[in-house]
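Read-outs throughout are calculated quantities, based only on the coordinates presented, and are distinct from any laboratory measurement. As the structure is a prediction and not an experimental result, all values here were calculated from the model. Positions of Cβ are generated from backbone atoms using ideal geometry, with glycine treated the same way; all protein chains shown enter the neighbour counts.
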Amino acid sequence: MSPVAERLREFRAAVGLTQREVASLCGLGKRTIIYWEMGEREIKCTKLIPLSEEYDLDFNWLILGKGSMFCEVLDSIVVESAEGEEESDEFTDDTVEPVDQQWVDTPPSFKKEQEDVLPLIQRLRKQ
């Protein structure tokens, strides 16, 4: 399996999408995603643009393995919107459910990506 195919599979697992859902978002058939992930066909990155738009998938990470799975822009938008809003006593750290770490038996590289994503998920749940 190619590194790009592995990262596509990692992304799909990280956001909880099935192959069918990815295919539907991209306007493709499920078999195309299966072939891509198995490395039997070349991945057409232009077909993954809807995923990038919907989930802020970073193509530098997907294609080159550099950076993080998600675009840094999302992080700065979340931080800016949180700073711009008045703080409310209604939401405290005690009232927000912690993100469950459901990932077991995953490769070390995938665990690193999950650790990068967890703070973002927690911040989004607070909003």
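Taking each residue as 0.36 nm, the span from K47 to F59 lengthens on full extension beyond its C-alpha to C-alpha distance by 3.1 nm. Close amide H contacts of F70 (hydrogens built in the peptide plane, cut-off under 5 Å, sequence separation of 5 or more or a different chain): D58. Once both labels are positioned 7 Å from their Cα atoms along Cα-to-Cβ, the gap between I34 and A13 label points is 1.9 nm.
What's the FRET efficiency of K66 with E21 using the Cβ-Cβ distance as r and R₀ = 35 Å, to the nearest 0.05? All intermediate terms of the calculation are to be shown ahead of the outcome.
On the way: r = 26 Å, r/R0 = 0.75.
Working from the Cβ atoms, E equals 0.85.
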